[in-house]
Each structure stands twice: as structure tokens, then as C-alpha cells.
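**Student:** Here it is, the structure, as C-alpha cells.
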Amino acid sequence: MKKISLKTLVKASQIIGMTAIAAGVSIANAEDDTIKVGVLHSLSGTMAISETTLKDTVLMMIEEQNKKGGLLGKQLEPVVVDPASNWPLFAEKTRELLAKEDVDVIFGCWTSVSRKSVLPVIEELNGLMFYPVQYEGEESSYNVFYTGAAPNQQAIPAVDYLMNDLEVERWVLAGTDYVYPRTTNKILESYLKSKGVDEKDIMINYTPFGHSDWQTIVSDVKKFGGEGKKTAVVSTINGDANVPFYKELANQGINAEDIPVVAFSVGEEELSGFDTKPLVGHLAAWNYFQSAESEENDAFIEQWHAFTKDENRVTNDPMEATYIGFEMWTKAVEKAGTTDVDKVEAAMIGIEVPNLTGGTAVMNENHHLSKPVLIGEIQEDGQFEIVWATDAEVKGDAWTDFLPESKNLISDWTSPVNCGNYNTVTKSCGGAVAGE
Amino acid sequence: MFSLFKQIGVMLLICMPLMAQAAEPQPYKEDQASSAVATSELYELSQQLIDAGYREKQALVETLVEINDPQTLKFLQVMVNGDLYYRKDDRVIVINEDDAITIFFTGESITLENKRDIKKISVNNKLRTLLRGGIARLQIFSNNLELRKQAATNLLKSADDLDEATLQLAVEKEKNADVQEILSLVQGIRWLEADDEKQRLAGVELLSGSLYPDVRGALANYVRAAEADERSTEVAAAKKALDKIEAMLTANAVVENLYFGLALGAVLLLAAIGLAITFGVMGVINMAHGEMIMLGAYTTYMVQQLMPEHMGVSLVVSIPAAFLISGLVGIAIERGVIRHLYGRPLETLLATFGISLILQQAVRSIFGPLNRDVGTPDWMAGTFMINPALELTYNRLYIIIFSLLVLAVLALILKRTLFGLQMRAVTMNRPMASSMGIRTGWVDALTFGLGSGIAGIAGVALSQLTNVGPNMGQAYIIDSFMVVVFGGVGNLWGTLVGAMSLGVMNKLLEPWAGAVVAKILMLVFIILFIQKRPRGLFALKGRAADMG
């Protein structure tokens, strides 16, 4: 009795599966006149605060593209899903987008843990994703294009600026306790030591997500900074924990002239609707600031204000990264004449798109961008004043040179290497091979 | 030719604000006569500033602070505040204070057609440090005590800014003991770099025992320099001075840590008092408690939006408003849902968890997912200075006082009012209370409303410390349960002691274990403690305990 029922069950499921596939095909055929764009950003939960903006950016870009007549003569159709700041759900939603909705490209993710959760699915189903946020590097997937900054495009130049221009000798590396800050701080620690900074002059501190009681840490920083050497805080504190952190800094009377804080996760969005008067002079390192002066940027801001119907909405770096990623993808699709993932991937490399800050962003063979690096100081109006910029575009480095385990690794998705983690010493590919 | 006229006109016009400024005593009075020349120098420099990059600006500002001109001080102040702009088409220097534009050299106000007509003369941290040094130098003889003190404190950071003679004059002329002490410290820091060993040692002597962070920094630098040059007597003297400072700092750090602990305890207490009623007295496992806090915080935001001009008043008005709103929502939840689930704790837990999600999403739909900025009135900012190394932040100080006040009022309500009596009666013996004519249903509703309302009040206080967003309640729900269980269910006194001891314990652990591990250790401690004393610190005795 039991056996029979199991058999029927298997059969039934096979039939269901086959009809589903057939249905999928028919749907795909029926809607062949549109190109589907998946949007995988959290619209609820802790990350909603940051990611909702990116969803709107993608929608704005799609609307704009459709006004221009779409792509390859077809209209773009957004498919928005909500992974709800729930990391495993990111994988499920990716599968839904690729297998059920059959999207041609995905724009999505913010935190590194969500990206790590998406990776196996997107590689298995050979999808295409654009990841728009600065991250810790040490990764390069055939199916992902990284339009945010790698550590050498944000953290390292920022530290160089502090060291050379502000003559900082003592370092506090403060971060939220998860993969991005931990890896970035590991890289920075090894970089600082390579520059001759003493172990005693580095203080590392981690706090949980959403930490709100900063009294002890700020007071420790104050003491650490009171030993005669110029001290700076390098902050990889993520999300809204930054607000109470900066409030406490101001309350305990630490200003930017004494101990500057340079942040990698604080942009215009995080500062909007926040009294920035006590924060004036603290720094942030990004590849884009809203205050950048260029025609492209003015147009982008205007478009954003029109789309959101709100004159006060700010723009930020991940938005620019989304913009660049989207523009690059449309160019690559036009160049390839198809939305087929392998062909678009090949077409992507070498594509150039104007930056919003002036200059040109180029997609490299390692799926990372070449972009300028900017340092800005927080102003009273919540905007950043650009006080320093790299002379030329910096090429994103997927595998940092400052960690022993990744020193010899490179990523190159063009022939003959075709590998995301190629060891230049042993001349072998460590996995993640293309064309699986 | 035209520009020359303009320049002369500008120079004539300056004379008026010059008179107004004359009240401020200047250190270099002797050459006031040359001020017309100096002004053109100031004017020239200001024009150069427009086009300069940051490195050039640095050099310009270094000359700027040397200019002996009555308007220099004003120029420096406007610049350091980031209010210095210029008009793009004719390069006129203007002041932009909250969108009120005045021309710097004439004081004439102008209106702009387009905001983009003027551009900021930007400053960075380096420039700000230089400018503040310059301002300090000019203000050290000011008539205003506060300004003098500020100037003296700024000089600690840049002791070289003032020449020896002027500094000596300032020390001698100073009547206020505090400022004089700071100024003599500035002197001490200067002496550390003197050529004469005796003077250097005198400097060390002067600095010994001072708690100003800049003094400690200067001494540490001096020790490093002396060690490098192998000046052993000086190293010994300076190290002794530093050790003395370190010892004093350690003592201060203990007090400071205790204060941090009490401040954290006050936050825990505020978050937990409401739960001490709903969970402690009524026994309802209310997972939506955090959302009541969140509603209170959003109420504060709403009230502030209604009266943006009166930040301080709005905060006071928010307290009853938040109590009412959270309380009413609490009563609605009790009447609508919890009432039907008494005696079924698991179902209550699930139902209230569901409610908490509904409330979060409702707030997210109405206000959006972004955090809301709740302003902090000026009297909540800043620190209460006990000594230069021990400063108590005002916002935490007020919250400690506020939390104790809330607890006291609640205790009064429970002990001294009819409602409190009825509430206690219902908790102790429901059938008996009911047969005495107490409407137990309504007492339940009001009790739950009271607990929720107090959570709302906690939201008002927390809006001053942390982010106001749809998720803010989640951060406090676990802490609140922790405090109530640890302190003893159904006991307000236990909640107070529980909150404060958890707060202090957390802060004592944090410096050596880090924030993450400290939190874990706390949880482990509570689990072990509950094993030993399942009813918490202050267990209720007698019949109520059996019913619990």
C-alpha cells in the first residue's frame, strides 16, 4: 500500500513538473516581446532602509530606457521581489526569479552575506547579476558583475589619505561584526603594518548589528587618541548603528579636527534627516558624492527628483553603481544583440560608461570596475565636500594583494585564463571555472 | 579702473563695522593705524581663496591669521563655520547664514535669484584647525569669559600659535582661575620644546597632574622625543608626571564606567518597566511590547513635526501623547486579542508576535522604511564636566533621572490609587476580587493599557538615544524580558535592581571582552542565575507566587 502510494506520488510529481516546464516555456513564448529585469532588494526588515532606494533607482532606469524605446526593440519589464533582509530568502528569491520568472538579468543585494547566499543559485542556473555595493573583495564570479568598490577602491585610498595628508599615526578600526568589516579590517591591518605602523597603534573593535550603546567605545577611542599621536577612526560600521555612534561622538565632544572618523558605509542617504552640525569634517570615502560637479550628475539628480517627486531625496554611491551597472548592461545587450547570459558576459568586458562624477567607468576582465576614488567631508547640510580625489581611475582588484592567502590570486574571465581565482604562481584555477 | 573704485569704496565701507568691532580688545593695538592697508590685504587674500586648492588655501590661511585687522576675527569665524561664500559672477565675498546673504565687506544684505549664484569657499579639517588656532589667538583677550576659556582650550592643541610674550601677558592679565590654569598649561606645553633643559623640566612640573587630554598627548610626545635623544633625567621626570596622570585617569575611568553602566541600566529599566506590568503583573507574554516603544518614539516624531519651532516643549508634550497612544493601542490589543487567550501562554505568545509584525509593517507603510530623525533639544546635548577627563553626557543624565521618575510614579499609582489597589487585587485573587464587585475585565484592559503606555513613554526617551524606525522595538524586547525575569517577575523593585545591575555588569565586562562577547556573557550569566533562582532576584512570596 505504502509503496504504491509513493510510486504514484513520484509519477504525479513528474507529471506536475513536466506541465510546469511546459507552462514555463509557453509563458516565455507568450511574453517574448519584453525583456525581464529582476530586482532583488530588501523592501522590509533591517536593510530596507538602504535597499529600497536601489529598487527605486532600477525602476527609474527601466522607465527611462523604455521611454527611449526599450532594448533590442523590446520593452523592459521589471520583476520586483522582496527578500525581506532574510539571507536564505535571497537564494530562494533568486531561484524564483531565474527559474519561474525567467528574468534576463538581476540587479540586487546589499550585504555580503546576501550576495554569498545568492552565489550558488545564480551559478547553478547561469544567471546574471549586478552587485552595486562596496564590499570586501576576495570573490569573482562568472555570473556577477561588481559595480561597487573593492577594498583597493575605497579602504586603501582612504587610509593613504589619512596617512599622507592628515599625518595620522594611530588607528582605530571599528566595525560591525560580520564578513565585510572583518575582511576589510584584516586587509587594512596588514596594509598598515606593511607601512610600518606598530601593533600598539592599532585598535580593533567590533560591535553587533544595530548597536546603540556606544558610550564605552567612544570613551575608549578618546583615551586611545589622547597619547600625542594623531589618531583617526576607520569605520566599517554598517547600517543605522552609525546614527547613535555619531551622536555619542558629538556628545562626548570628539570633533573631526581631533579625531576624524572616515566611514565606508555612511553616505548621503544615511545622513539625510539627521542633524549633521556636530559631524562637520568627519570623512567618507566613496566613488561618488551627490555634490560632484558634472552635467551627467545634475541630470541624474534631476531625474531622481522627478521620479520620486521629492526635491529633498538625496543620491548616493550605490545608486551611481546601480546606474553604471544598468547602463553597461544595456550597452552590452545592444552590442551582443541578445540577452543570452554568456554572450552578454563576453560583451560586458571593456564596456565604457560615463561616471556621474566625470570621467569614464570601464568594466574589466575581472568583473570589477575602474572608477575614481573620492574623499568627502560631511557638511552641515548633510552633503559631502570633496576634499581629495585620485588622479586617475583605480582598477578594482578582486583579490587583495595585502593578504597572504590571496596575494597570488587574480581574476580574469577572458581567454585563455577564464577563471575567477587564478593562481599566478601555480598557474592553476582554484575553482569557479567558467562555462559550467 | 572700475575695479579700483570698487576697491576704494569697499575700503571706506569697512570703517563702519570696524567701529563696532573696536570693543573687542586686540592684542596688537599699536598698529591700528595701518588697518586700511591690512583690509586690502584681507580683501586680496579673500580673492585668492576663491580659486585656491586645499594646499594653497592652507598657506593662505596661515598668512590670513597673521593679518592685523579688526575684520580678521569675523572673517575667520565666518570661514570656520562654513558660511563664507562668493558670488560667482563678480567674486564678491558674502556670508551665508541660514540662507540670509550679506556681503562680507559692506554688511549689506542681498537676495539671490538662484541658490547656485553663490559658491562656498570650502574648508577642510586642516584649515579648520588653523582657523581655530587663529581665532583663539585673537580671542584670548576677549571680555567674554566663555570665549576666553574656549580660546585657551583651543590653544592647548596649538600651543605654538601664540608668541611667548603675548602668552605671558595673557596669563598675567587673566583673572579667572580656570582660564589662567589652562593658559599656564599652554605655557607648560610650550616650555617642553624649549632649548634649555631647566625650562623643559619646569614645563613637565607645570603639566604634572593635569587631566587635559592634550597635556597627556604633549607629555607622551615629549617622552618619545627625550627617549630618542637619551635625555634620561627628563625621561624620568616626564614619565613620573605621566604615571601620575595615568593613575588619576584610571580612577576617573572607574567612575565613568559606573556612569555608563547606570545609563545603560536606565535604558533597560525604561524598556522593561512596561513589561514588568504586562508580563510581570498580568503574566501576558507580550511580544508586541517593543512595538509599543516604537509607537511612542513615532509619536515623539509626530509631535515634533507639529511644533518644529519648540523642540524642548515638544519633547515634554510627547510624554503624555505617547502614553495615550501606546496605551490606547495596548487596550485595543487586550480587548481584541489577548482577552480571549488568558491561560494559554503559547497562543498569547504567537498572537502578540503576529501583532508586533502587523504594527511594524503598518508603520513601515505609513511612514516608510527609512528612519525618522527626532531632533534633540540643545539642553540634551553636551556634557557636564566634572574634570577634564570625566565628563558626563547630559542626555544620559536626563534619562537616568527620567527613568527613576517614571518608576516612582508607577509605584505611586500601584500603591496609592484605587486603580492600583484593584489591579493588585485582581492579580492576587481574581474570583475574590470579582465577587467584591471589581470589574476584572476592565481592570485587565486598563492594566495592559498602563503597561503599554509606559512603554510608549520609554519610546520618547529612546528616540533621543537611538534610531526611530519600524524595527526599533525588536532591539529592546529581549533585553526587557531579560531584565524582568532576572529581577523577579511581578516586582517593580526587582526590575529596578535587575536593570541597573545588568547595565553596570555589561559595562564592566565590555572594556575587556568587547561589546559582542559582553552581551553573550550576560545572557549566559542570566541563564545560570535562573537555574539557581527560577523566580529571579526578588521572588514574590506567598499566594501570589503560587498563582504566578
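The values are calculated or read from the model by the stated rules, or taken from the named source; none is laboratory data. Quick caveat: nothing in here was measured; it's all calculated off a predicted structure. A quick note on method: Cβ atoms are made from the backbone with ideal geometry, for glycine too, and the neighbour counts reach across all protein chains shown. Just the protein is used for accessible areas: all its heavy atoms, side chains included, with ligands, DNA and RNA removed. Shrake-Rupley method; radii C 1.70, N 1.55, O 1.52, S 1.80 Å.
**Student:** Can you name the condition, by its number, that B:TYR394 falls short on among (1) touching a residue at least 24 places away in the same chain (Cβ under 8 Å); (2) more than 7 Å from every other protein chain (Cβ to nearest Cβ)?
**Tutor:** Unmet condition: (1).
**Student:** Where the second residue is open to solvent by 70 Å² or more (accessible area, probe 1.4 Å) and the first is within 11 Å of another protein chain (Cβ to nearest Cβ) and lies in the range B:246-261, which pairs have Cβ atoms under 7 Å and are six or more apart or on separate chains?
**Tutor:** Correct list of pairs: B:ASN257/B:LEU508; B:GLY261/B:LEU508.
**Student:** Of the residues B:ALA513, B:ALA461, B:ALA475, B:ALA518, which is out of contact with any helix residue (DSSP H, G or I) (no Cβ under 7 Å at 6 or more places or on another chain) and of a type in the set (Gly, Ala, Ser)?
**Tutor:** Residue meeting the stated conditions: B:ALA475.
**Student:** A:TYR323 passes all but one of (1) open to solvent by 10 Å² or more (accessible area, probe 1.4 Å); (2) farther than 30 Å from A:GLU268 by Cα; which number fails?
**Tutor:** (2)
**Student:** Would you confirm whether or not the range B:228-242 contains a residue that is touching a residue at least 40 places away in the same chain (Cβ under 8 Å) and in a helix (DSSP H, G or I)?
**Tutor:** Checked against the condition, which is being touching a residue at least 40 places away in the same chain (Cβ under 8 Å) and in a helix (DSSP H, G or I), the range B:228-242 yields no hits at all.
**Student:** Among the candidates B:ARG364, B:ARG335, single out the residue that is in a helix (DSSP H, G or I), more than 20 Å from B:MET294 (Cα to Cα) and of a type in the set (Lys, Arg).
**Tutor:** B:ARG335
**Student:** Scan the range A:44-67 for residues that are in a helix (DSSP H, G or I) and within 14 Å of chain B (Cβ to nearest Cβ) and jot them down.
**Tutor:** A:ALA48, A:ILE49, A:SER50, A:GLU51, A:THR52, A:THR53, A:LEU54, A:LYS55, A:ASP56 - these are the residues of the range A:44-67 that are in a helix (DSSP H, G or I) and within 14 Å of chain B (Cβ to nearest Cβ).
**Student:** Hey, another quick one. Across the range A:273-290, which residue is nearest to the chain's Cα centre (by Cα) among those that are within 10 Å of chain B (Cβ to nearest Cβ) and not charged (D, E, K, R)?
**Tutor:** A:LEU283
**Student:** In addition: Look through the range B:359-372, keep the residues that are closer than 19 Å to A:SER50 by Cα and surrounded by 17 or more Cβ atoms within 10 Å (Cβ to Cβ), and return whichever of them is farthest from the other protein chains (Cβ to nearest Cβ).
**Tutor:** Filtering first and then ranking leaves B:VAL363.
**Student:** Output the qualifying pairs, or none if there are none: Cβ atoms under 7 angstrom, residues six or more apart or on different chains, first residue in the range B:197-209 and closer than 15 Å to B:ALA236 by Cβ, second residue at pLDDT 85 or above and open to solvent by 70 Å² or more (accessible area, probe 1.4 Å).
**Tutor:** B:SER208/B:LYS244
**Student:** Just checking, does the range B:517-526 include any residue being within 11 Å of chain A (Cβ to nearest Cβ), touching a residue at least 60 places away in the same chain (Cβ under 8 Å), closer than 20 Å to A:GLN215 by Cβ and open to solvent by 60 Å² or more (accessible area, probe 1.4 Å)?
**Tutor:** no
**Student:** Continuing with the same structure: B:ILE245 versus (1) surrounded by fewer than 20 Cβ atoms within 10 Å (Cβ to Cβ); (2) assigned to a helix (DSSP H, G or I): which is the lone unmet condition?
**Tutor:** Checking B:ILE245 against (1) surrounded by fewer than 20 Cβ atoms within 10 Å (Cβ to Cβ); (2) assigned to a helix (DSSP H, G or I), the one that fails is (1).
**Student:** So, one more: Within the range A:72-190, considering only strands (runs of 3 or more DSSP E) that don't extend past its boundaries, which have at least 3 residues that are buried (at least 19 other Cβ atoms within 10 Å of the Cβ)?
**Tutor:** Those strands (runs of 3 or more DSSP E) span A:105-108, A:129-131, A:144-146, A:170-176.
**Student:** Another question, then. Is at least one residue of the range B:248-260 closer than 30 Å to B:PHE323 by Cβ, assigned to a helix (DSSP H, G or I), of a type outside the set (S, T, N, Q) and out of contact with any strand residue (DSSP E or B) (no Cβ under 8 Å at 6 or more places or on another chain)?
**Tutor:** Scanning the range B:248-260 turns up at least one residue that is closer than 30 Å to B:PHE323 by Cβ, assigned to a helix (DSSP H, G or I), of a type outside the set (S, T, N, Q) and out of contact with any strand residue (DSSP E or B) (no Cβ under 8 Å at 6 or more places or on another chain).
**Student:** Out of all the residues in the range A:231-253, which are open to solvent by 10 Å² or more (accessible area, probe 1.4 Å), more than 8 Å from chain B (Cβ to nearest Cβ) and under 24 Å from A:ARG170 (Cα atoms)?
**Tutor:** The answer is A:ASN238, and nothing else.
**Student:** Give the residue, chosen from B:SER46, B:SER40, B:SER122, that is open to solvent by less than 20 Å² (accessible area, probe 1.4 Å), hydroxyl-bearing (Ser, Thr, Tyr) and away from chain A (no Cβ under 14 Å).
**Tutor:** Criteria check complete, one pass: B:SER46.
**Student:** Select from the range B:60-73 the residues that are open to solvent by 60 Å² or more (accessible area, probe 1.4 Å) and in a helix (DSSP H, G or I) and list them in ascending order.
**Tutor:** B:GLU62, B:THR63
**Student:** Then there's this: Go over the candidates B:ALA266, B:ALA276 one by one and state the one that is crowded, with 24+ Cβ neighbours inside 10 Å, within 12 Å of chain A (Cβ to nearest Cβ), under 14 Å from B:THR495 (Cα atoms) and not acidic (Asp, Glu).
**Tutor:** B:ALA266
**Student:** Got at least one residue in the range A:296-304 being part of a loop (DSSP other than H, G, I, E, B), closer than 20 Å to A:LYS55 by Cα, more than 14 Å from chain B (Cβ to nearest Cβ) and in contact (Cβ under 8 Å) with a residue 60 or more places away in the chain?
**Tutor:** Checked against the condition, which is being part of a loop (DSSP other than H, G, I, E, B), closer than 20 Å to A:LYS55 by Cα, more than 14 Å from chain B (Cβ to nearest Cβ) and in contact (Cβ under 8 Å) with a residue 60 or more places away in the chain, the range A:296-304 yields no hits at all.
**Student:** Now for a different question. Is it the case that some residue within the range A:40-63 is modelled with pLDDT of 50 or more and over 27 Å from the mean Cα position of the chain (by Cα)?
**Tutor:** No.
**Student:** Are any of the residues in the range B:388-396 buried (at least 16 other Cβ atoms within 10 Å of the Cβ), in the same structural domain as B:LEU462 (by TED's automatic domain parsing) and among the small types (Gly, Ala, Ser)?
**Tutor:** Looking through the range B:388-396, at least one residue is buried (at least 16 other Cβ atoms within 10 Å of the Cβ), in the same structural domain as B:LEU462 (by TED's automatic domain parsing) and among the small types (Gly, Ala, Ser).
**Student:** Let me ask something else about it. Output the qualifying pairs, or none if there are none: Cβ atoms under 9 angstrom, residues six or more apart or on different chains, first residue in the range A:66-89 and under 20 Å from A:LYS335 (Cα atoms) and touching a residue at least 40 places away in the same chain (Cβ under 8 Å), second residue open to solvent by less than 30 Å² (accessible area, probe 1.4 Å) and small (Gly, Ala, Ser).
**Tutor:** Matching pairs, first to second residue: A:LEU76/A:GLY70.
**Student:** Could you tell me whether the range B:333-353 includes any residue that is surrounded by 13 or more Cβ atoms within 10 Å (Cβ to Cβ), within 14 Å of another protein chain (Cβ to nearest Cβ) and either in contact (Cβ under 8 Å) with a residue 40 or more places away in the chain or under 30 Å from B:ALA247 (Cα atoms) (or both)?
**Tutor:** no
**Student:** On to the next question. How many residues does the range A:305-320 hold that are open to solvent by 50 Å² or more (accessible area, probe 1.4 Å), touching a helix residue (DSSP H, G or I) at 6+ places or on another chain (Cβ under 7 Å) and assigned to a helix (DSSP H, G or I)?
**Tutor:** Number of matching residues: 1.
**Student:** At pLDDT 90 or above, open to solvent by less than 10 Å² (accessible area, probe 1.4 Å) and touching a Ser or Thr at 6+ places or on another chain (Cβ under 7 Å): does that describe A:VAL261?
**Tutor:** yes
**Student:** Taking B:THR376 as the residue in question, decide whether it is part of a helix (DSSP H, G or I), buried (at least 18 other Cβ atoms within 10 Å of the Cβ) and among the hydroxyl-bearing types (Ser, Thr, Tyr).
**Tutor:** No.
**Student:** Restricting to the range B:432-456, name every residue that is touching a residue at least 40 places away in the same chain (Cβ under 8 Å) and open to solvent by 20 Å² or more (accessible area, probe 1.4 Å).
**Tutor:** B:GLY441, B:LEU446
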